[in-house]
């Protein structure tokens, strides 16, 4: 399974064609399915990065929106006009949406083979879902902003499988002990203590950004 970061606050590497912006999006390719997790904030930047990375949006067969904030669902409208054949799993229905079927998630469910959602986890200011991905050495948790709290998300993920990695936005996480025992940690997007996490876990934490590819 391969993950490719399409939208983030930073660019990974030095590709001049990739653009950073506040938001998050990650593509998941299993060989059988292509699942998109979040769509970033701006459709133009989202599509520009996909083009630079050689991603064909028509290959996306399912979209998962972690939570209904502009920096995670902002590219969905442009995607729905440029591609078809996908549905969207989200925590609440958008009455203005068109061109795709919406599936509202509550509890854990299988998104595609080896890809599960934690289901909707209540939080302030917004409810959120995360993905749990089966890798060769265990389960990896892919998060948008972690509004319910990283600890709450990891606990919910344990009902699906034991977590060995965490990828995405950790928001205001300050208790770094929660991350102890994880083999791979990629703090991105809204993570407040990004540099602190990288320093505290030099053997397992790595910097992310647009263009990063992670094989699990």
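The values are calculated or read from the model by the stated rules, or taken from the named source; none is laboratory data. Since we're looking at a predicted model, the values are computed, not measured. In this analysis, Cβ positions are derived from the backbone assuming ideal geometry, glycine residues included, and neighbour counts consider all displayed protein chains.
If you go through the range 1-18 and pick out every residue that is over 17 Å from residue 216 (Cα atoms) and surrounded by fewer than 17 Cβ atoms within 10 Å (Cβ to Cβ), you end up with 5.
For residue 179, state whether it is modelled with pLDDT of 95 or more and more than 22 Å from residue 125 (Cβ to Cβ). Give the derivation first.
Details: modelled with pLDDT of 95 or more: yes; more than 22 Å from residue 125 (Cβ to Cβ): yes.
When the stated conditions are applied, residue 179 passes them.
Taking the conditions (1) part of a loop (DSSP other than H, G, I, E, B); (2) closer than 23 Å to residue 118 by Cα; (3) touching a residue at least 40 places away in the same chain (Cβ under 8 Å) in turn, residue 18 satisfies each one other than (2). Residue 105 fulfils the conditions (1) within 22 Å of residue 188 (Cβ to Cβ); (2) surrounded by 15 or more Cβ atoms within 10 Å (Cβ to Cβ) except for a single criterion, (1).
Taking the range 53-64 as the search range and keeping residues that are free of Cβ contacts under 8 Å to residues at least 60 places away in the same chain and outside any strand (DSSP E or B), which one is surrounded by the most Cβ atoms within 10 Å (Cβ to Cβ)?
As a first pass, look at the range 53-64 and keep what is free of Cβ contacts under 8 Å to residues at least 60 places away in the same chain: 54-63.
Now restrict to residues that are outside any strand (DSSP E or B): 54-61.
Details: 54: 7, 55: 18, 56: 10, 57: 19, 58: 12, 59: 14, 60: 21, 61: 15.
So the residue we want is 60.
Of everything in the range 28-45 that is touching a strand residue (DSSP E or B) at 6+ places or on another chain (Cβ under 6 Å) and surrounded by 21 or more Cβ atoms within 10 Å (Cβ to Cβ), the residue that is nearest to residue 4 (Cα to Cα) is 28. If you go through the range 152-162 one residue at a time, do you hit one that is modelled with pLDDT of 95 or more and closer than 19 Å to residue 201 by Cα? Within the range 152-162 (the criterion being modelled with pLDDT of 95 or more and closer than 19 Å to residue 201 by Cα), the answer is yes, since at least one residue qualifies. Screening the candidates 126, 215 for the property of being closer than 25 Å to residue 50 by Cα and either surrounded by fewer than 24 Cβ atoms within 10 Å (Cβ to Cβ) or modelled with pLDDT of 95 or more (or both) yields one hit, 215.
Among the strands (runs of 3 or more DSSP E) lying completely within the range 85-191, list those that include at least 3 residues that are touching a residue at least 24 places away in the same chain (Cβ under 8 Å) and either more than 18 Å from residue 75 (Cα to Cα) or touching a strand residue (DSSP E or B) at 6+ places or on another chain (Cβ under 6 Å) (or both).
Correct list: 87-90, 115-117, 131-135, 138-143, 163-169, 184-188.
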